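Here's the structure we're looking at; comments come further down.
Where a number appears in this text, it was derived from the coordinates with a stated rule and is not lab data. This is a predicted model, so every value here is computed, not measured. Cβ placement follows ideal geometry from the backbone for every residue including glycine, while neighbour counts extend to all protein chains displayed.
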Amino acid sequence: MTRFSFWRSALAEYVNGCMTRPFVWGEHDCALFAAGAVLAMTGEDIAAPYRGRYKALRGGLGLLRRKGFANHAELAASVLEEIHPSHAAVGDIAAIKVEDSGIYALGLVNGPRIFVCRPDSLGLGTVDLLSAERAFRV
């Protein structure tokens, strides 16, 4: 996967558009936010088979499992090079484990922070890059 020459400005425009966008399963959730960043930087929509096809976490995970993926991070690993989180750079995708669930939330690396969709509020939040258990190069 190759980033556009103008990927930084495309990514900045995408993130700015998501800053106050509400969390909606199947439309704007953590996985689709991360996939949207990949789309903005590369023109490749890795979430096309999933976008708009579920309305809850359970439905999204069901779609993934039918395609052979245990979770969001496994899908990311199938299309992006997995790297150690300490090597993640701006524009890469990070996976943060959600408590002890075995489920990962995906976010967008922005230096020492990760942009994440916040299901409990409007828009994006950030978490420390050190909270990432997995990372994927875009």
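Miscellaneous remarks
- Virtual spin-label span in nm between R65 and M19, 7 Å along Cα→Cβ: 3.9 nm
- Using 0.36 nm per residue and subtracting the Cα-Cα separation, the extra length available between V98 and E133 on full extension is 11.6 nm.
- Residues listed by number, the stretch 15-33, amide nitrogen under 14 Å from V90 label point at 7 Å toward C-beta: 15-16
- Compared with the alpha-carbon gap, the fully stretched path from T126 to A77 is longer by 15.4 nm at 0.36 nm per residue.
- Adding -39500 (n - 2.57) for every DSSP H run of four residues or longer, then dividing by how many residues the chain holds, sets the calculated 222 nm ellipticity at -9500 deg cm²/dmol.
- Under the combined filter of DSSP loop state and at most 11 neighbouring Cβ atoms within 10 Å, the stretch 42-105 retains these GluC sites (Glu not before Pro): E99.
- Hull volume in cubic angstrom per residue (convex hull over the Cα atoms of the chain): 98 Å³
- Expected-Rg normalisation [2.2 N^0.38 Å, Cα atoms] applied to the stretch 47-112: 1.16
- Ordered by the count of other Cβ atoms within 10 Å of each Cβ, fewest first, L108, L124 give L124, L108.
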